[in-house]
Amino acid sequence: MPVRFLSPSLGGSGGPLKAHGWEVGVAFRHLGADQWFVGTDVRESAAPFGQPLFLNIDSLDVNVSYGVSDRISVTLTVPFSRGTHSRFYADGVRHKVSAAGLGDVSLVGNVWLRNPAKHPNGNVALGVGLKTPSGNNAVVDDFFQANGSAIQSPVDQSIQLGDGGLGIVLQAQAFQKLFNRASAYFYGWYLMTPREQTAVPSPSAGVPLSVPDVYSLRSGVTYALRPKQGISASLGTRIDGIPVRDIVGGSNGFRRPGYSLYLDPGLGIVRGRGTWTVNVPLRVHQNFKRSLVDVEMGASGGGDLANYLIIVGYSRRF
């Protein structure tokens, strides 16, 4: 499941930038997961050695956007993360591994289809860009064998800093004023990864890690609670997922396909040129699907999911 592959700033996109204007932002995301799912149900017996896993990931994105014109902008995203993964090993003891550092840097261009000056109450934007393989996708730590000795092996895919492949980012966003204080919003993002798999070994013996496609969709309504004070609230849904099969390239290798559906409440505060946002998506449904490797090996698949996310962002325009 895409607990690490997704940028914490996803869905936190602002409106059109003025020509030659700048926007600098930071976005923090925290998640913790401690339940093992297979399909739509909790099944701890299917976890390694029948014991729950504890997963914690803190991510920080630094975003810089530039308005090429009133309708076209480019955004550079530089992500950092620190993750820990705790589970039982063959020695019968719980151990924790970790990974921290720079993630996969991306650059995306965005164009609004209608002139923002003439259509302030509704617009649609399309974007395309590249995600680089700048993050280390082969971070190693100590893993413990039945005799208690430690060996160096790659950490779990969920906390690796990168996926090891060049990706093509496709995105779309839209907003439409509904009435005086309310507007509807939509944000969609899809990462295509032509590379099928890396040489990094996975938890399945003899199977390398896959480089999966990833997607995220958000939609809902925002309402200006106190317009003069710049305070607004939002409520919508969010889906984060990894497909079983990629759009381009092969789909073999180790991956954890499926999706999580969240109820996504949020709060926004505008102060001058700065904007604070806080979102706490709450998971309401999930489905961990079997990958092609799971089907071939007769495995049930599955993995950990977060009950909720905490996403805090700040951006300022210049």
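Brief remarks follow.
- Across all Cα pairs in the stretch 142-241, the calculated P(r) in 5 Å bins from zero up to the longest distance comes to 2, 10, 14, 13, 12, 9, 9, 9, 8, 6, 5, 2, 1, 0 percent per bin.
- Contact order, relative form, for the stretch 233-305: 32 percent (alpha carbon pairs under 8 Å, 6 or more residues apart, mean separation divided by residue count).
- Extension gain, LEU60 to ILE72: 0.36 nm times the residue separation minus the Cα-Cα distance gives 1.8 nm.
- Rolling a 1.4 Å probe over the protein heavy atoms gives the stretch 136-209 an accessible area of 46 Å² per residue.
- Rg/Rg_globular for the stretch 56-159, with Rg_globular taken as 2.2 N^0.38 Å and Rg from C-alpha atoms: 1.64
- Here the calculated FRET efficiency for ILE310 and LEU166, from their Cβ-Cβ distance with R0 = 41 Å, stands at 0.85, rounded to the nearest 0.05.
- Pairs of lysines in the chain whose Cα atoms sit within less than 24 Å of one another amount to 6, provided the residues are eight or more positions apart or on different chains.
- Full extension of the chain between LEU102 and LYS118 yields a length gain of 1.7 nm, computed as 0.36 nm times the residue separation minus the alpha carbon distance.
- Rounded FRET efficiency, nearest 0.05, which uses the C-beta distance separating LEU126 from TYR223 and R0 of 35 Å: 0.85
- Where N is the number of residues in the stretch 119-171, Cα Rg divided by 2.2 N^0.38 Å: 1.98
- Cβ-based charge dipole, the chain, positive-most Cα from ILE159, PHE179, ALA299: PHE179
- Listed candidates [x] 54, 47, 39; [y] 68, 34, 31; [z] 69, 50, 44 - label of the one calculated as Cα extents along the principal axes in Å: [y]
- Just the protein heavy atoms count here, and of the accessible area of the chain at 1.4 Å, carbon and sulfur take up 60 percent.
- The label point for HIS95 and the one for TRP276, both projected 7 Å from the Cα toward the Cβ, are 4.3 nm apart.
- With a simple spin-label model that places each label point 7 Å from the Cα along the Cα-to-Cβ direction, the separation between LEU235 and ALA19 comes to 4.2 nm.
- Shown is the FRET efficiency for ALA299 and THR40, computed with R0 = 25 Å from the Cβ-Cβ distance and rounded to the nearest 0.05: 0.90.
The values are calculated or read from the model by the stated rules, or taken from the named source; none is laboratory data. It should be emphasised that the depicted structure is a prediction, and the values quoted were computed from it without experimental measurement. For neighbour counting, all protein chains shown are included, and Cβ atoms are generated from backbone atoms with ideal geometry for every residue, glycine included. Heavy atoms of the whole protein, side chains included, go into the accessibility calculation; ligands, DNA and RNA do not. Shrake-Rupley method; radii C 1.70, N 1.55, O 1.52, S 1.80 Å.
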